[in-house]
Amino acid sequence: MQAIKFKLTGRTAFFKKPDVNINTYFTYNNIHKVALIGLLGAVIGLQGHIQQNRSIKEGNIVEYPEFYSKLKDLKICIKPFGKNGYFSKKVQVFNNGIGFYNKDKDDRPCNLVVKEQWIENPVWEIYLLNDGSIEETLFNKLEDYLLHNKCTYIPYLGKNDHPAVIEECKIVNLEDVEDIEHIDSLFSVEKVVIGDAPYIEGGDIYFFKEFSPVSLSKQYNFYEFKELCYTSLLIEEVVTNDNIYKEEEKIIAFF
């Protein structure tokens, strides 16, 4: 089995959580699958939410934006390089002065003060599994564009304040693995039983979990979530070895 492997970085990133109802917008700690395939769709020129909305206004039935409908089955792996899987974040405060909906109590235009929590200096190692889950021509186009530093639209880490850097792209060979005692990437909690001791005797213990978007619902394109984990604890049992592979000395999980 083969996969495309590359490093994804940026100075800042922001992947907005949709369930916050206060005056500060918070971010997921890691790039999630929907955002990642959106970034890949931008690289190879697939259309997004704006084009989907235009088609709907024209009376067409469009379940998903083009990037999602064509890449949703692509299996991806995300390995974070933050300390213990966690990235530093800071709240940025700025004015939105466009004025369309920014009015005070007397219906006069005013500035909207926006507060966003930005990830600082994120670094991820990304793998795209070549298992035939998407059209071969699409996967080949992804491979061509990523390996040769090409893109149709500028890729961003969440929004256009945060340009993405894609580098060190290459094709890697993956090996099947049977005895799994640790996983070096994010993985779905529902697939494993996690122990209490670190995988390396006497090593540091860290345990990061987050409910992360992995798909979109058909009716409203709302996020659908899975609980993902990144930990140094021993893996006691794996429900299924499907989509877990070895790459050099790393054990990585795809979802």
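The values are calculated or read from the model by the stated rules, or taken from the named source; none is laboratory data. None of these values were measured; they are calculated from a predicted model. Glycine also receives a Cβ, built like all others from the backbone with ideal geometry; neighbour counts cover every protein chain displayed.
If I filter region 234-247 down to residues being assigned to a loop (DSSP other than H, G, I, E, B) and either in contact with a Cys (Cβ under 8 Å, 6 or more places away or on another chain) or touching a residue at least 40 places away in the same chain (Cβ under 8 Å) (or both), which single residue comes out as surrounded by the fewest Cβ atoms within 10 Å (Cβ to Cβ)? That would be Thr240. Scanning region 187-208 for residues that are surrounded by 13 or more Cβ atoms within 10 Å (Cβ to Cβ) and out of contact with any Ser or Thr (no Cβ under 8 Å at 6 or more places or on another chain) turns up Phe187, Ser188, Val189, Val192, Gly195, Ala197. Among the residues of region 19-64, those that are within 18 Å of Ser217 (Cα to Cα), in a loop (DSSP other than H, G, I, E, B) and either at pLDDT 90 or above or of a type in the set (Ser, Thr, Tyr) (or both) comprise His32, Tyr64. Scanning region 197-220 for residues that are at pLDDT below 90 and of a type in the set (Asp, Glu), which turns out nearest to Tyr64 (Cα to Cα)? Filtering first and then ranking leaves Asp204. Determine the pairs where a residue that is in contact (Cβ under 8 Å) with a residue 60 or more places away in the chain, located within region 1-14, has a partner that is in a strand (DSSP E or B) and of a type in the set (Ser, Thr, Tyr) with Cβ atoms under 6 Å apart, the partner being 6 or more residues away or on another chain. Within 6 Å, the pairs are Ala3/Tyr127; Lys5/Tyr127; Phe14/Thr27. Looking at region 170-233, the strands (runs of 3 or more DSSP E) lying wholly inside it that each contain 1 or more residues that are over 20 Å from the mean Cα position of the chain (by Cα) sit at 192-198. Just wondering, is there one or more residues in region 96-115 that are more than 28 Å from Leu216 (Cβ to Cβ), modelled with pLDDT of 85 or more and assigned to a strand (DSSP E or B)? No, region 96-115 contains no residue that is more than 28 Å from Leu216 (Cβ to Cβ), modelled with pLDDT of 85 or more and assigned to a strand (DSSP E or B).
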